[in-house]
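Derivation of every value follows stated rules applied to the coordinates shown; laboratory data play no part. Predicted model only: the values in this text are computed from it and were never measured. Quick reminder, even Gly has a Cβ in these numbers, built from the backbone with ideal geometry, and neighbours come from all protein chains shown.
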Amino acid sequence: MNRSRRLILGISGASGAVIALELLRLARSLGIETFVTVTKGAELTIQHELGDEARGEIRGLATGEYAMAELGAPIASGSYPMGAMIVAPCSMRSLAAIAYGTGEGLLARAADVTLKERRRLVLLAREAPLHEGHLEAMLKVTRMGAIVLPPVPPFYAGLSSLEDMTRQIAARALATAGFDPGDSLRPWQGLTGSATD
Ligand SMILES: Cc1cc2nc3c(=O)[nH]c(=O)nc-3n(C[C@H](O)[C@H](O)[C@H](O)COP(=O)(O)O)c2cc1C
């Protein structure tokens, strides 16, 4: 089993469900296996932000999908070989569950396992503005080894559409989780004509 080509994707109920969809499309095109769990909150945001067909597309793109209540799923155990986990988008509720290791629901349990196994955990935490509790939870997960990667578009990358923007966010998340995003990620090339003296 190739651990390094396997990704757990937790989809929670923050705004930005399209990022999860784009991540799954990109992972599929890169040959990365995806093991998905979707929170109740995300069922709402997927429906509200993407419409009727998206839920089926998510299910179809995933290598495997497990219900939040399925605490006996393979991704609930550290012995199951996995490369990394991304939570995209990551709500403040799921962030808090991870920060305090509640292990309540499969998303928080899989994240807890990812941290205890010292694998990469990337959280695309989305809320605005942020209060002290949100910031404290971000600091706590960072100290525990997770990477907080807010889904902020790279405005320098000459983005031409919402799809382009979402793809860059998804590609950056995969790269941060340790996967090679291939040509999909447009890195900063430096300012043309800028010279250092
Ligand atoms: C359309 C919509 C957008 C939302 N956007 C956010 C958001 O950006 N960040 C957030 O933390 N919660 C957001 N919420 C609230 C969460 O869905 C809610 O707190 C939920 O209980 C999160 O639980 P979960 O982490 O289990 O999905 C939104 C809810 C809806 C219906």
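General remarks:
- Residue by residue, the range 144-157 carries 3J(HN,Hα) couplings of 7, x, 7, 10, 8, 10, x, x, 9, x, x, 5, 6, 8 Hz when phi is fed to the Karplus relation 6.51 cos²θ - 1.76 cosθ + 1.60 (θ = phi - 60°); x denotes Gly or Pro.
- Net charge dipole size for the chain [Lys, Arg +1 and Asp, Glu -1 on Cβ; Debye, nearest 20]: 600
- Computed from backbone phi with θ = phi - 60° and the Karplus coefficients 6.51, -1.76 and 1.60, the 3J(HN,Hα) list for the range 166-172 is 5, 5, 5, 5, 5, 5, 5 Hz; x is used for glycine and proline.
- For Ala125, nonlocal amide neighbours, meaning residues 5 or more places apart or on other chains whose placed amide H falls under 5 Å from its own, are Cys90, Leu149.
- Placing R0 at 22 angstrom, the Cβ-Cβ distance between Thr142 and Thr176 gives a FRET efficiency of 0.95 after rounding to 0.05.
- The peptide list 53-61, 126-134, put in order of mean Cβ contacts within 10 Å with the highest first, becomes 53-61, 126-134.
- Shape category assigned to the range 1-126 from the gyration tensor of Cα positions, a/c cut at 1.5: oblate
- Here the 3J(HN,Hα) profile of the range 58-63, calculated from phi with Karplus coefficients 6.51, -1.76 and 1.60 at θ = phi - 60°, is 4, 4, x, 7, 6, 5 Hz, Gly and Pro shown as x.
- Whether the range 49-94 is rounded, prolate or oblate, judged on the alpha carbon gyration tensor where a/c under 1.5 counts as rounded: prolate
- Principal-axis tilt of helix 106-116 within the chain, Cα atoms, nearest 10 degrees: 70
- A helix-only calculation puts the chain at -12500 deg cm²/dmol for mean residue ellipticity at 222 nm, using -39500 (n - 2.57) for each DSSP H run of at least four residues, averaged over all residues.
- Extending 7 Å from the Cα toward the beta-carbon at both Leu71 and Ala128 defines two label points whose distance is 3.7 nm.
- Listed by Cβ neighbour count within 10 Å, with the fewest neighbours leading, Thr37, Thr63 appear as Thr63, Thr37.
- Descending by average beta-carbon neighbour count within 10 Å, the peptides 69-81, 155-167, 96-108, 5-17 line up as 5-17, 96-108, 69-81, 155-167, the highest first.
- Potential lengthening of the chain between Ala157 and Ser79 amounts to 24.1 nm, from the contour at 0.36 nm per residue minus the alpha-carbon distance.
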